[in-house]
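The values are calculated or read from the model by the stated rules, or taken from the named source; none is laboratory data. Small disclaimer: the values here were computed from a predicted structure and weren't measured. Here the Cβ positions follow ideal geometry from the backbone for every residue, glycine too, while neighbour counts run over all protein chains shown. Side chains included, ligands, DNA and RNA excluded: accessible areas come from the protein's heavy atoms. Shrake-Rupley method; radii C 1.70, N 1.55, O 1.52, S 1.80 Å.
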Amino acid sequence: MSSTRTDAGARSPSKTKRKILSGVSTNVLILGVVSLLTDMSSEMIYPVLPLFLTAIGATGLVIGLIEGAAETTASLLKVASGWYSDKFNKRKPFVLGGYGASAAVKPALIAATMPWQVLGIRITERIGKGVRSAPRDALIADSTAPEKMGKAFGFHKAMDSSGAVIGPIIALVILAYAASMEELEAYRLIFIFATLPAFAAVLVALVLKDKETPRRSGRGKFVAELRNLGRGFWLIILVVMTFYIGEISYAFFILQSSNAGMSDTTSILLYVLFNLVFVIVAMPSGSLSDRIGRKPVILASFLLFSLTAAVMAAADSLLLLALGFILFGVYKGSSEGVLKAYVVDFAPKDLRGSALGAFHTAVGLVMLPGGIVAGLLWDSVAPWATFAFGAAMALVASSLLVVVGGATGGSKNHGTG
């Protein structure tokens, strides 16, 4: 007998989609698409960049220096761009300018032949990221209800990492097509195709709308405004800096895979696996932090990174490498969006850009010395020493978070979010 009754346990795809996207605003959706396209472009490049650098003569120290210098240079701009976006109560110009600058410089990789040229390109590309990151994250916060903040940042990170799944797969297809080409020429072909989604992202960003936020009548100077963020905020920044000085760059995960005898294709597929896990974990972790608070989720992610580094230190087989990359994805997915939501919890609404900029800048400032230490340990001791350094700093940061981490976070704990 046929029945017109819908199974109570079933949901239509449209209803499921509406539930998943509940609380995710139009601006957050647009920024998700922009980040997906941008990361699709960047992640076509990043998995092969350590291999490209090695092919043109870079050592582990040089690779660590390039990654650390690029992130640190960009991060010096993030607090300033965040503050100015607060001052002018405008986010969109910074977002557009940042994505535009990053897209414009990527074609230069096609002609690079020396490591110092890649350094210059990476610094310039990261300057674009420095300009856009804090205002973009502040626009996400401005466009989201406090009780959905973790979910919104988790959604954005999931979209971002979806591009990081698609990009390396496209790179693999190009490598397969270019199998008969010289190694460097195959990498350059990837760089050519990577420019297309980067420019598409800028076009999509044009439809963003700024959100007006409440403003105090008199704004202080730059340093005074940062002081207004309060002791609790700066203690969290201390914890973040301690952790990120030891957070191992993805480049060393790729190099460890190569050292274990994996092909370029296998290394890139492992990187895709990492990003796929990131996508799956990001939004549920953000939503969990909305319910139980940020601090326990962040603490679990720090401890998980320590375990990840321990696994990678011993990784000499495909099984251990796959486990390490999976754990790396779970750690990233459960930490990045939640950390941003945690920062927003501690910031007044009219200082969100400044707070997020300070967060991004703090992370970048420690990545240069951290990258140099990681590279020196890689070259002078052994790869296991690089990962042991990361594991140790994660444990120290976990201890600090327990002691100075303040309230558990989450919108229910903070009225300013």
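Numbers below:
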| read-out | value |
| --- | --- |
| Selection count where residues are touching a residue at least 60 places away in the same chain (Cβ under 8 Å) and within 17 Å of Pro50 (Cα to Cα), scope region 97-110 | 3 |
| Flag if Arg126 is part of a helix (DSSP H, G or I) and over 21 Å from Ala358 (Cα atoms) | no |
| Leading residue by the ranking (nearest to Pro50 (Cα to Cα)) among those in region 175-190 that are hydrophobic (A, V, I, L, M, F, W, C) and assigned to a helix (DSSP H, G or I) | Leu184 |
| Residue check, Leu65 open to solvent by 40 Å² or more (accessible area, probe 1.4 Å) and either under 21 Å from Val204 (Cβ atoms) or assigned to a helix (DSSP H, G or I) (or both) | yes |
| Residue in region 362-379 that is farther than 30 Å from Ala260 by Cα, open to solvent by less than 10 Å² (accessible area, probe 1.4 Å) and modelled with pLDDT under 90 present | yes |
| Boolean, Lys157 is at pLDDT 85 or above, under 20 Å from Lys332 (Cα atoms) and open to solvent by 10 Å² or more (accessible area, probe 1.4 Å) | yes |
| Candidates Ala282, Ala315, Ala310, filtered to the one that is at pLDDT 90 or above and open to solvent by 20 Å² or more (accessible area, probe 1.4 Å) | Ala310 |
| Residues of region 248-265 satisfying the condition of being touching a helix residue (DSSP H, G or I) at 6+ places or on another chain (Cβ under 6 Å), of a type outside the set (A, V, I, L, M) and outside any helix (DSSP H, G or I) | Ser249 |
| Filter result (modelled with pLDDT of 85 or more and either of a type in the set (Val, Ile, Thr) or open to solvent by less than 50 Å² (accessible area, probe 1.4 Å) (or both)) within region 211-247 | Phe233, Leu235, Ile236, Ile237, Val239, Val240, Thr242, Phe243, Tyr244, Ile245, Gly246, Glu247 |
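So that you can scan it fast, the table gives a plain yes or no per residue for (1) under 22 Å from the mean Cα position of the chain (by Cα); (2) crowded, with 24+ Cβ neighbours inside 10 Å; (3) of a type outside the set (Ser, Thr, Tyr):
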{"site": "Thr72", "(1), (2), (3)": "yes, no, no"}
{"site": "Ala112", "(1), (2), (3)": "no, no, yes"}
{"site": "Val118", "(1), (2), (3)": "yes, no, yes"}
{"site": "Gly150", "(1), (2), (3)": "yes, yes, yes"}
